[in-house]
Structures are given as C-alpha cells and as structure tokens.
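Report on the following structure.
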Amino acid sequence: MTQDTLRDREALGDVPNPLGLDGIEFIEYATTRPQALGQVLETMGFRPVARHRSREVLLYRQGGMNVVINAHVGGRPGDRPNNRPPTETPEITAVALRVRDAAAAYRRALDRGAWAVPTHVEVMELNIPAIHGVGASRIYFVDRCQDFSIWDVDFVAIPTVDPRPPAIAGLHWFGIVQYVGTDRLDDWTEFYRELFSFDELPDSQRFGILPKGRILRSPCRTFYLQLIEPEPGIVDVEGEETLQRMGLGAPDVPAAVAALRTRGVEFVESTDIHTEDRGALTRSWLGGVMFELVHDQRSS
C-alpha cells in the first residue's frame, strides 16, 4: 500500500467527496427473460462480453458502461433482493458505485443509518458489500482500481468477443431516474446527501426533455439522480418506489438518435415528447424498459 493510498483512506471523511465516489461501475437488471432483454441491449449498442462463473448472470458492455442481466434464481436468503425471484418484466435491481475503498465506504454508510444487505459468497466469488436502496434494489460498493476489477474474478470472458466494444456516438452514463412516493422527495434527497454527499441542483438547472422532479448531482460530478413523484391526482400505491430507467449522455443527441435508429431503435415522437438537441426517449420494450438520451459533452 502506498503512502498516497494511506493518506487517501485516512482523509476519507474530510473531503467533499468522502467516499471517493468515482462514477457508476454497473447497473443490474433482473428478469426471467434474459435473452429478450439481451436483444434489447444489443439493439442499443451493448455487447455481451462475459458470463458469471456460477450463476445465470451475463455482463453487457458499451464503452465505459456495464450492464448486468441477472436471471439467477437463488435458493438461500440474500441471493435475491428482498428474496424476490426475478420477474418477466425486467427491473433495475442494483447499482454499483465505484469508490476509493469499498469496505470503508460500506462502514461509513452503515454508521450513517444505511441497512446492510447480507452476502452469501460462493467459491471463487468476491464479497461485494451492499446496502438496501429504493424498493427491492441494492447499492453496491466497488473498489476503484485501475489494474484489477470485479469482472476478473466473478466472470469469464466470452471467447472471440471484443471485451471493450466502443460506444455508439459517444454514449456514456448520465444518470438514473428514480420514482419516489408522494411527499418523499425530501426523504430520498436526505438519504443520498447523508450517505453519499449528493447535492441538489436548483430548479432552474434541468437536462433533457423530461425535466420533472428533483435533480441530485453526485459528488464526483460524473452522474445524476432524478427523483420523480407521482403526478397530482394519481393514487400513490405503496411499493411503487423504484429505479425506473437509465439516462445515457450523448455529445450530439440527433447523431446518437440517427445511429440508434439504423439499429432498429424507435423513439417517442408526440406533441409533448419528441427528439430534440437536448434529449430523446426510446419507446419501451418488454413492459417498460426504456432509455433516455441527454445532451452531455463529457466523453464516455
């Protein structure tokens, strides 16, 4: 361990980004239809690059974005979020955050009130610490390392496949949309502020073509969370809080839309929602899977 590493860990709680948060490592979907969801991801430009050693889990990648499809039906407590089996309709069930020190980040989150997720690790698997997120989702902490990754241990590369498929039109992570219950904006804002040091953007600062809700910015300034309450007049049913969709940044939205359309992706075009320079929204697949494109000059 270098002196720089020691100083980083000792200063973990003394900087604006106390966890050393450095972006999203992966987003996970759970479904009993992994092939169907895989086809959707491939249409969006992702490629299957690795398989889990012991579970029905597949890694898709595009540029710097990793998406995991989890179709594993666990037989023990802790194998599934809230012990729920996957459903036909794909759900975002986990987000992994890249941090300076996963163990330290996990302990800090627990000290600040997070709920731990028990882990049950098989032989040749990593113990990745996690806490409970919205609904049945989990938030994982992954060490930010340059020479080693979680994919080197838990996954086996698919032969003859490029392990680093390029991003279409510069697509990269922009953020995640989370649906929250009525009058729960402040609760979730405090959750992300207290545990991860997200800060709230002013109402005047919005992105894309769906500017509703509240925008939270990560302390590493690499991605955002958009919290959206139910529309007025809509009954708020308990249990509907969930991670709803991912946002993909694009340096040139029309160019990205054109490239994706050649691959068969359809976009919502209506009076209220339509493709613009600032953003676009794909039509849904498989009962609700959709992707939002947002203008963002950052590279992938």
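Give me a count of the residues in the stretch 89-127 that are at pLDDT 90 or above and over 16 Å from the mean Cα position of the chain (by Cα).
Going through the stretch 89-127 one residue at a time, the tally reaches 19.
Any idea how many residues of the stretch 258-300 are crowded, with 19+ Cβ neighbours inside 10 Å and either part of a strand (DSSP E or B) or of a type in the set (D, E, K, R) (or both)?
12
If I ask for residues that are buried (at least 22 other Cβ atoms within 10 Å of the Cβ) and small (Gly, Ala, Ser), which ones from the stretch 38-72 would you list?
Within the stretch 38-72, Gly45 is the sole residue that qualifies.
Going through the stretch 244-257 one residue at a time, which ones are surrounded by fewer than 17 Cβ atoms within 10 Å (Cβ to Cβ) and small (Gly, Ala, Ser)?
Within the stretch 244-257, Ala255 is the sole residue that qualifies.
Condition (residue is part of a strand (DSSP E or B), within 18 Å of Glu42 (Cα to Cα) and either at pLDDT below 95 or under 20 Å from the mean Cα position of the chain (by Cα) (or both)) applied to the stretch 205-219: is it met by at least one residue?
No: zero hits.
The values are calculated or read from the model by the stated rules, or taken from the named source; none is laboratory data. Source: prediction; values computed, not measured. Please note: Cβ atoms are built from the backbone with ideal geometry, for glycine as well, and neighbour counts cover all protein chains shown.
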